[in-house]
Amino acid sequence: MQSILKPGIHWLFAFIPVAIFLEQSHASAPLIFFSAALSIVPIARLIGNSTEQLAGYTGDAVGGLLNATFGNLPELIIAVIALKAGLHGMVLASLAGAILANLLLAMGVSFLVGGIKYHNQDYNVTSIRVYSSMMLIAVISLTIPSGFHILTAEQPAGESENMLNIYLAIALLTGYILYLFFMIKTHPDFFKSEGKGNAEEHEERWSVARALITLVAASVMAAFMSEVLVGAAEETGKVLGMSSVFIGVIFLAIVGGAAESISAITMGAKNKMDLSIGIALGSSIQIALFIAPALVLMSTFVGPSQLNLNFPRGLIVALFLSVILAAMVAGDGRSNWYKGVQLILIYIIMGMMLYFIPSV
Amino acid sequence: MQSILKPGIHWLFAFIPVAIFLEQSHASAPLIFFSAALSIVPIARLIGNSTEQLAGYTGDAVGGLLNATFGNLPELIIAVIALKAGLHGMVLASLAGAILANLLLAMGVSFLVGGIKYHNQDYNVTSIRVYSSMMLIAVISLTIPSGFHILTAEQPAGESENMLNIYLAIALLTGYILYLFFMIKTHPDFFKSEGKGNAEEHEERWSVARALITLVAASVMAAFMSEVLVGAAEETGKVLGMSSVFIGVIFLAIVGGAAESISAITMGAKNKMDLSIGIALGSSIQIALFIAPALVLMSTFVGPSQLNLNFPRGLIVALFLSVILAAMVAGDGRSNWYKGVQLILIYIIMGMMLYFIPSV
Amino acid sequence: MQSILKPGIHWLFAFIPVAIFLEQSHASAPLIFFSAALSIVPIARLIGNSTEQLAGYTGDAVGGLLNATFGNLPELIIAVIALKAGLHGMVLASLAGAILANLLLAMGVSFLVGGIKYHNQDYNVTSIRVYSSMMLIAVISLTIPSGFHILTAEQPAGESENMLNIYLAIALLTGYILYLFFMIKTHPDFFKSEGKGNAEEHEERWSVARALITLVAASVMAAFMSEVLVGAAEETGKVLGMSSVFIGVIFLAIVGGAAESISAITMGAKNKMDLSIGIALGSSIQIALFIAPALVLMSTFVGPSQLNLNFPRGLIVALFLSVILAAMVAGDGRSNWYKGVQLILIYIIMGMMLYFIPSV
């Protein structure tokens, strides 16, 4: 399996020089954008692998923490680059898109692929309930600054809008830290896989030094290619007649989460549904409760102006409906191919909406 | 049972000549409207019976398909007639109303009647979950063209609004076809009744010819009486001081679905809850995922202009809340009389809203 | 336990003379407001105790009815006083706030405290489902007059808005009476505690006379102190820079429900989760389905003008989201400390919203 899959993804490293060459020679923006996008996929994979290797050297608890914290590093890097460029709309779009891609696309494809092979697949219901309520809390929280912005529309982010966002970010981060404590310390049994031990075929073991160096090198590469990617994003939208929200929600989000989505789907195909769902939903939670508020706090140091979580109305509704649907579809602890179809269908329909309604 | 019920419904055939006479003699619109409405109830019943008889000659799979496809023929006929008359608002109102009537009124009365007789009634939870998530997907999908219309309000349906609706219709129909495949082919066990075989007391068996001729004749009658009904609808609204949305959501919807609602309630009273719920929810799903998109595609040939699924805001919210409520109330596989009261109460309250808020 | 707790709450009676003295000497509004608030807590407790004692003399059914009807007497008294003063906005805010405080704060703290002591706590799932669907029905119903008011914004409550509210109030009260009948008569088994008998350590038994006299005296005291409280509310808001919605939702609501919230939390700490949840959710249902519509009907006699249930948009959304979240978090019949954190977190975040968005 591994030996079949690996060549495919590793080959994408070839797009690093291609993207750089295209950028230097001022090729058309979409060409640069999609080359950079493809080049980030294997880099993200590398970040994931090195984090896992590092986690192998720590205890279970710290390992879980490491995985949880670095799991969305590629998304974070892309978002920070866009933040520095002042592209707040694109940052928010890529965050929302990453959640939608995980909840609907990654989980949907995993259900579909797994369901075709195994008819029905069972998994741990308890963890799903925790994930669902965390996601609902996240989406409810994100509604509030967006609602504030809509209701007090005229000004360019007043004093109190900024304060509301800072306090909210602190509340969400507190919730996230307690969630890690709950997951790792007090109730790890809630997140156990059903039956089968989740002993993956660990290929080789890296040394700590190798893991650390790889992590740092891959992160630098990711940052560099993200710069290329984000630099070409707006122009790409114009050339292809797509809004920057659409580019952010669909393309940036899929690129940032590609490595994890592939893992989730691979696990689904191996009938390891608990791992598959854990990756897809865990990643959504992290983006909403860790990456998003962290970006708000960081923006006061890094960006030209504070990032406020004022998502466009349509995206908030899309997020809310997706969370409710995912909770309903996944909530009974048994998946099949048609559940996959349902999730993918809604992803496609939401994509249509974003394509046709530029202002959302 | 059958011999008590039948006289009641068959007698309504008498309203066919009554309605035609009233229309010819230019009687007041409400008289024409309600006579035509009553006359459609037994015709719809006839369509249902002949479809069932035809289905008896095919295998289970094709039979299920027949039932699923022709089950809402009366609704479809009424909607097509209104479509040809260019009454798009009334078409949408009757679709939304049919869903509400099935989800809340038919299921509510079935729970109430069954619950009074049997205290608690159990049914298959797995199928309820599939139905609920299908309905949620349908409602989410219908939000999108409505949102588009609200956000880009000025123009009279631009190029991109039309395209969005066509693509959405295709996506919904694809989802519906895969749902039939799931239901009939890969997971029929999900939709089995609990325990008791659903062998109804089949009175007599019709010949294929009789079934086919009855189906065609009843459909023609339905179309004819629908023409009378729809022709008098707007004028009836004016005379009674009701908006055309209210007429569509309440009266047209109840008339179109009367035959099925009666079946669902009869099954509830016989403690066959799985059949009862299957009829009520199955019919809602069909309207949302088959009739509605089919009407959009048909409107490009039949109607004066393309039908777009831009439901008024209030109806979308009503649909969404009803689906969530129905999923919550019915979701645990056990019904009682008070669950029936809950569903009926919300139907009444939504009716009040539509009566008092003409613009929704 | 009792002997530790009691001193704390009884001592608060001292705030009765303090509040009266402060009001007479025209002290600053916040001082008067918070003294009156603190003085109401033990009075509310007294009302609860005397109702319970009275209930002990009747059969189970009537006792349940008494508890159900007088349980929210303090909230009702505060609301009536505000109603007479024409402070409709504050009445609605205190109703919404009482529901939020019960659903999120009381239940959250109960889960948190209980969860720290007992790791996991199990309770009866069936009753939770009934409570959740009742609350959803309540919130859906409250959306409708609010939507009406928003859509027909200009006028100051026309004829039809008043009629809609009266009819809705009647529908809700009918639903509530049938709910009591369901709970007390036909399906009391749905509301049984799991396992352990809910025999509390009943201290002493009061005579009927004592119970009745205490009930009346405490109610009079509550009315008197509510007058002081409500009289200082608006001025307090101005001095502290808070909107009257914020004062109503947060402070009035917590004061009115303090006695019950304390009971709910105490039960949680004693691992009697069914009682704890029954108090918190039962109280929310009563406010939404009994107090709110009763106030509408009463306002036509008592108030300067009819109270209409037109909650501000933000409060309706907050209520709806809280009900969905509470249903999801509490729905599986097993609580832990982190579920408490989740509910409290959303309460805090909604408080932030109300603080920063004065117009909601």
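The values are calculated or read from the model by the stated rules, or taken from the named source; none is laboratory data. If you're wondering where the values come from, they're calculated on a predicted model, not measured in any experiment. Glycine also receives a Cβ, built like all others from the backbone with ideal geometry; neighbour counts cover every protein chain displayed.
Residues in region A:157-179 that are of a type in the set (Phe, Trp, Tyr) and touching a residue at least 40 places away in the same chain (Cβ under 8 Å) were compared, and the one that is nearest to A:Thr143 (Cα to Cα) is A:Tyr176. Within region B:129-151, if we keep just the residues that are facing chain A (nearest Cβ under 7 Å) and of a type in the set (Val, Ile, Thr), the residue that is surrounded by the fewest Cβ atoms within 10 Å (Cβ to Cβ) turns out to be B:Ile140.
Here C:Ile177, C:Ile144 are screened, and the one residue that is modelled with pLDDT of 85 or more and part of a helix (DSSP H, G or I) is C:Ile177. The residue that is modelled with the highest pLDDT, counting only those in region A:55-65 that are closer than 15 Å to A:Leu212 by Cβ and within 21 Å of the chain's Cα centre (by Cα), is A:Ala55. Filtering region B:102-114 for residues that are more than 19 Å from B:Met183 (Cβ to Cβ), more than 9 Å from every other protein chain (Cβ to nearest Cβ), of a type in the set (S, T, N, Q) and out of contact with any Phe, Trp or Tyr (no Cβ under 8 Å at 6 or more places or on another chain) leaves a non-empty set. For region B:72-90, a residue qualifies if it is surrounded by 24 or more Cβ atoms within 10 Å (Cβ to Cβ) and assigned to a loop (DSSP other than H, G, I, E, B), and exactly one does: B:Asn72. The single residue among A:Glu200, A:Glu227, A:Glu234, A:Glu260 that is at pLDDT below 85 and out of contact with any helix residue (DSSP H, G or I) (no Cβ under 6 Å at 6 or more places or on another chain) turns out to be A:Glu200.
What about B:Arg334, is it among the charged types (D, E, K, R), farther than 21 Å from B:Ser133 by Cα, touching a residue at least 12 places away in the same chain (Cβ under 8 Å) and surrounded by fewer than 20 Cβ atoms within 10 Å (Cβ to Cβ)? Walk me through how you get there before you give the answer.
Details: among the charged types (D, E, K, R): yes; farther than 21 Å from B:Ser133 by Cα: no; touching a residue at least 12 places away in the same chain (Cβ under 8 Å): yes; surrounded by fewer than 20 Cβ atoms within 10 Å (Cβ to Cβ): yes.
Judged against the criteria, B:Arg334 is not a match.
Only residues that are surrounded by fewer than 23 Cβ atoms within 10 Å (Cβ to Cβ) and either among the small types (Gly, Ala, Ser) or farther than 12 Å from A:Ser261 by Cβ (or both): list them for region A:91-111, please. Once the filter is applied, which keeps residues that are surrounded by fewer than 23 Cβ atoms within 10 Å (Cβ to Cβ) and either among the small types (Gly, Ala, Ser) or farther than 12 Å from A:Ser261 by Cβ (or both), region A:91-111 yields nothing. Taken together, the residues in region A:23-37 that are surrounded by fewer than 22 Cβ atoms within 10 Å (Cβ to Cβ), at negative phi and not aromatic (Phe, Trp, Tyr) amount to 8.
Scanning region B:152-171 for residues that are facing chain A (nearest Cβ under 8 Å) and either under 25 Å from the mean Cα position of the chain (by Cα) or of a type in the set (A, V, I, L, M) (or both) yields a count of 5. Elements of the type helices (runs of 4 or more DSSP H) sitting completely within region B:251-360 and holding at least 1 residues that are within 10 Å of chain C (Cβ to nearest Cβ): these cover B:313-330, B:337-356.
Being crowded, with 24+ Cβ neighbours inside 10 Å and closer than 27 Å to A:His149 by Cβ narrows it down to one residue among C:Val323, C:Val329; which is it? Reasoning before the result, please.
Details: C:Val329 fails: closer than 27 Å to A:His149 by Cβ.
Answer to the check: C:Val323.
Kindly indicate whether any position in region C:116-125 is at pLDDT 85 or above, surrounded by 13 or more Cβ atoms within 10 Å (Cβ to Cβ) and within 12 Å of chain B (Cβ to nearest Cβ). Taking every residue of region C:116-125 in turn, none turns out to be at pLDDT 85 or above, surrounded by 13 or more Cβ atoms within 10 Å (Cβ to Cβ) and within 12 Å of chain B (Cβ to nearest Cβ). The set of residues in region C:247-281 being surrounded by 23 or more Cβ atoms within 10 Å (Cβ to Cβ) and hydroxyl-bearing (Ser, Thr, Tyr) consists of C:Ser261, C:Ser276.
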